[in-house]
Amino acid sequence: MLLQSLGKTYGAALLPILGVGSVTGSIAGVSNKISNFIAKSIMSDDIDEGTKATAFDPLSLDLSLMEIVSFVNLYQKTITPENSSPSHVTPLEYLSRGENAAGDLAYDLGKEDSDFPTIFDMKEFELYVKKMEDRILEKDGKYDPEDRSFPPPTPINERLLPGLHLGKGDLKYTHTKREGIEHRLICVLLNKLCHNYYKLAKGGKLEDCFKVVCNDEECFFPEELIQALMMDHKVEVCPRVIMTNFGMQICVKEDDGSFTYIPTTLMLRTGIERTKDGQAAYFSAPHGGMDLNISGPLIGKGSRPAWLQFYVSIGGLCSFHPDEDQFAPWAAKTSLAEIYSPEMALKAIRMCAVVAVTFNRIATEFNLPFGGYGILGMCNDSATIVDFAIRNKHTNAYPLLSTGRYLNHIVNYFIKLKEELTKSCERSKLQPVIEDILCLIKSTSCLPSDLHISPESEIDMSRRYGVSYGLSVFQSTADAKKILNEMAASAREYLE
């Protein structure tokens, strides 16, 4: 489960801490814990205080944030990145292509004979969507542009667990297959435009850069494309967060053939415990990013806007990503700020480009596995760096997991990029991004961290937790809010 649901980065890093000699042993151990939990917490009508203290949710990992990041960093130091092959593609190269897809269904393979244009006219947007649809149909043999269904659930073990399935059951996508391709294409364009900042930093000229023509405007950078789209589209930018389960989703098949979805998540320790009884505060693993929603005559013309999001992904690329998701009210996103004004939105998109270049550059030059995911920070961190700079050192995001080692590298690579762009022959056009980099340097230098919480820092930490988990889907989250508020109130009484 760890390997399949958490991927190579987390799964392989966490396996050693199970403390078992075999998979069979781990299953037996977990089974024993589950049976004890059921006996103590569910089947018993009268639970004494001693029994209560030893009953816990077996799906909560008894690990703190610091322990999680420590294991990920330890794993990073002990593996050899798979980059010895001539076919290895660096994060910076993927950014220049616009996505980390490969094979027949990649938009731009980065080859000389690629049919993706160096000057993209938005009048041909639907043409390139159709080209991808044709390629999918040719490869898969079927394609329904209006389909919103997920792959059918698969039974886990009909004999031992009758009716229990892996999958999303009857849930539907928020967008159609065609809309998903549209989201993907606009992300490709934005990411290729992000890479232009790196080209200019390395001495390139605008005339050699990728360009998008939109509403008769020539766009060399992502914020310029968004500004051109604003002429006839509605654009909203806002940092948001949603709980995640890393793909481990389960449902139950009912007698009538329908499915009942079971919300799942990964619960981890915040590192805070209530002093009077030692009760730990847990958090549900989140996914956060900088949302970019677009609606208009070309992009996002359906019942919902086009959903895009900027973050560093577990796939190893810090960039804009398509963001269509499952349609479930309990899985709604939480906004971490008011929707940015148009001026703030353009500034945020420009800062996202700087973060994309910086994260992918560090991952490339330091030869980091998985594009630096889990080392430079998680999805939440990459977007919060921008929000923290936009809103003048203020953010509602929790948790923030950047380590001091790489936070220093991020700041110094911001400085390096600023100095390179200052020397560029295109400096007059680059002045806005140079000013934004200065804001990013200052904000990143004092970005809060939830890896080591002190009595003073838990005051702000409890506030951010309360906003990020405004809706308590799981009881553990509601309990954690009470614990954190109590501990913060105690600290506030003596420190403020």
Those GluC sites (Glu not before Pro) from segment 323-378 that are DSSP loop and have at most 14 other Cβ neighbours within 10 Å turn out to be GLU338
Most exposed to least, judged by fewest other Cβ atoms within 10 Å, ASP108, ASP381, ASP436, ASP134 sort to ASP134, ASP108, ASP436, ASP381
Here the Cα Rg-to-2.2 N^0.38 Å ratio for segment 257-322 is 1.75
Listed by chain and number, the lysines with an alpha carbon less than 30 angstrom from that of LYS276, same-chain partners under 8 positions apart left out, are LYS33, LYS40, LYS52, LYS481, LYS482
Cβ density ranking, 10 Å radius, fewest first, applied to GLU223, GLU138, GLU420 yields GLU138, GLU420, GLU223
For segment 356-463 the trypsin sites (Lys or Arg not before Pro) that pass both the DSSP coil test and the at-most-15 other-Cβ-within-10 Å test are LYS393, LYS423
Beyond 20 Å (Cα-Cα) in this structure, taken from LYS199/LYS234; LYS111/LYS199; LYS168/LYS333; LYS168/LYS234, we find LYS199/LYS234; LYS168/LYS234
The exposure ranking of ILE385, ILE262, fewest beta-carbon neighbours within 10 Å first, is ILE262, ILE385
From the Cα centre of segment 194-208 to that of segment 240-279, the distance in Å is 44
Rounded to the nearest Å, the spacing of the alpha-carbon centers of segment 133-162 and segment 371-405 is 35
Dividing the mean separation of Cα pairs under 8 Å (6+ apart) by the residue count of segment 339-496 yields a relative contact order in percent of 24
Excluding residues fewer than 8 positions from LYS442 in its own chain, the lysines with Cα under 18 Å of it are LYS347, LYS393, LYS416, LYS418
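Here, each number is a calculation from the coordinates, and none is a lab measurement. Predicted model, so just to flag it, every value in this text is computed and none were measured. Note: ideal-geometry Cβ built from the backbone for every residue, glycine included; neighbour counts use all protein chains shown.
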